[in-house]
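What follows is a short report on a single structure.
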Amino acid sequence: MRAPRNRSFVTAEALRMALENVRAHKLRSFLTVVGVVIGVSVVIVISSVLTGMRKNIVRSIEEYGTNNIFAFHLSTGPRLGPRDRAEFRRKPLRPEDGVALVASAPLVEDVANSAGLWIPGDSSIHFKGEKFRGPQIEGVSANYPEVVTLELREGRFFSREDDLARRNVIVIGSSIAEALFLNRTALGSEVELAGQPFKVIGVLEKKKSGGLMGEEDQNGQALIPYRTARKIAPRTSEWLMLIIRAKSGMVKPALDQVEEVLRRQRRLRANAESDFDLSTADRIIEQFDDITAGVGMVAIAISSVGLMVGGIGVMNIMLVSVTERTQEIGVRKALGARKGDIVRQFLFEAVTLTFLGGMLGLMLATAVSWLLRALIPELPTEIPMWAVVAGLATSIGVGLGFGVWPAKRAAALDPVEALRWE
């Protein structure tokens, strides 16, 4: 009668033997799991980029206000592929539409105008020989700071009177102030934009997050009155976005009211589709999640190829190992080892091999994520724990799946024939 054995001791012994076998064939083991390393690292790197981007989008939306609705004549939000060309035939929104929303939609508290400024030629901001290239210039209404919860570091925002009088006043971001004025105050200074002098009346508080545009782009904002923007660049009116602040907690019902008023303003028939786009925080996040789902499927397809190649490599190397260790298997069986012990031993070796491949993939993905963050600060990366767990679990699954056949083949060997093997 066989003496009972300690199962934990048997498991520990199998694990020790598996590690020794991997250590004895380091190069062969590494080459075997290269596919697993690539498959795991691809999934984790893509997940880290998408997770970081999603976190920044959510943070940016929170900064602009979770009660806000964004109305534009073209589709907005994250998307894959080019915009439908038919959209460019749509009529732009007008400031009068915002006035109608405040008057006719009870759940709308306020509406701000915002339009990107298109300046042909040099759009840089100049000051005494210094130049800030590529600022994000926008023409906005005087109530813009209240609607999007904008903070000033110093100075003031322009007033409704400044807007009505089309005065050349400007509020600049912290990056522009630091680049043009160094340690001096920017208030009261005159900068040149589009060949015209503008008086600096305020400096925006520095943004601490990348947001939708990236930290440098947000801190490189330059805001001028909306009517002033139309004066120096008439085409500004073609890119008007209405930023609509709904009453707290009433975004969804306010969305219906906004759509109804805008359809009436644009004289759309009851059966006609809306020729404008409405976005909210939830909708933007949902659009981004739809995109990430598609990208995730592509990542899974790419990693599956690597994992399949790695799994086949593991199976082949384990079959070779069975052949090389036929006599060892015969000796173990002669000494009382059961089929289950042999199966467990070879499965442990396969799983150990692929798990180590998964760990290498994790380390490679971490290094790539750090490198991307260092080289491209605008591309946020943040490795989510679920991707780590999924990557390592998948690597273990590959070892189990592709190690079964070699393990069963080893367990099925006849001990007498195995001992005779040379």
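Any read-out appearing in this document is the output of simple, stated calculations on the displayed coordinates, not a laboratory observation. Just so it is clear, the model here is predicted, and its values are computed rather than measured. Backbone-built Cβ (ideal geometry, glycine too); neighbour counts: all protein chains shown.
A few notes on this one:
- Anisotropy class assigned to the range 52-172 is rounded, per the alpha carbon gyration tensor with a/c under the 1.5 cut-off.
- Neighbour cut-off at most 15 other Cβ (10 Å), DSSP loop, GluC sites (Glu not before Pro), the range 256-310: GLU273
- In nm, spacing of pseudo-spin labels at GLU324 and GLU96 (7 Å Cα→C-beta vector): 8.3
- Compactness index (Cα Rg / 2.2 N^0.38 Å), the chain: 1.46
- Links that overshoot a 21 Å alpha carbon limit, given the list LYS207/LYS252; LYS91/LYS247; LYS333/LYS408; LYS131/LYS199; LYS128/LYS199: LYS207/LYS252; LYS91/LYS247
- When the alpha-carbon atoms of the range 91-275 are used, the pair Rg, Dmax equals 17.6, 59 angstrom.
- Ordered by the count of other Cβ atoms within 10 Å of each Cβ, fewest first, MET53, MET297, MET250 give MET297, MET250, MET53.
- Among VAL389, VAL398, VAL43, the largest mean-square fluctuation in a Gaussian network model of the chain (Cα springs under 10 Å) belongs to VAL389.
- Crossing angle, helix 7-24 versus the chain [Cα axis fit, 0-90 degrees, rounded to tens]: 80
- Helix-only CD estimate at 222 nm, as mean residue ellipticity for the chain, using -39500 (n - 2.57) per DSSP H run (n ≥ 4): -18500 deg cm²/dmol
- Relative to the dominant Cα principal axis of the chain, helix 281-324 is inclined by about 20°.
- Loop-located GluC sites (Glu not before Pro) in the range 103-169 (DSSP state other than H, G, I, E, B) with a sparse environment of at most 16 neighbouring Cβ atoms within 10 Å: GLU151.
- Assigned charges on the beta-carbon of Lys, Arg, Asp, Glu; the chain dipole about Cα centre (debye): 960
- Footprinting exposure proxy for TYR144, TYR226 (fewest neighbouring C-beta atoms within 10 Å first): TYR144, TYR226
- The relative contact order of the chain, computed from alpha carbon pairs under 8 Å that lie at least 6 residues apart in sequence, is 30 percent.
- As a proxy for reagent exposure, ARG160, ARG166, ARG267 were ordered by neighbouring Cβ count within 10 angstrom, fewest first; the result is ARG267, ARG160, ARG166.
- For the range 321-343 versus the range 254-287, the inter-centroid distance based on Cα atoms is 71 Å.
- A simple spin-label model places the labels of PHE30 and GLN196 6.5 nm from each other, with each point 7 Å out along Cα-to-Cβ.
- Highest GNM mean-square fluctuation among PHE346, PHE127, PHE72, for the chain modelled with Cα contacts below 10 Å: PHE127.
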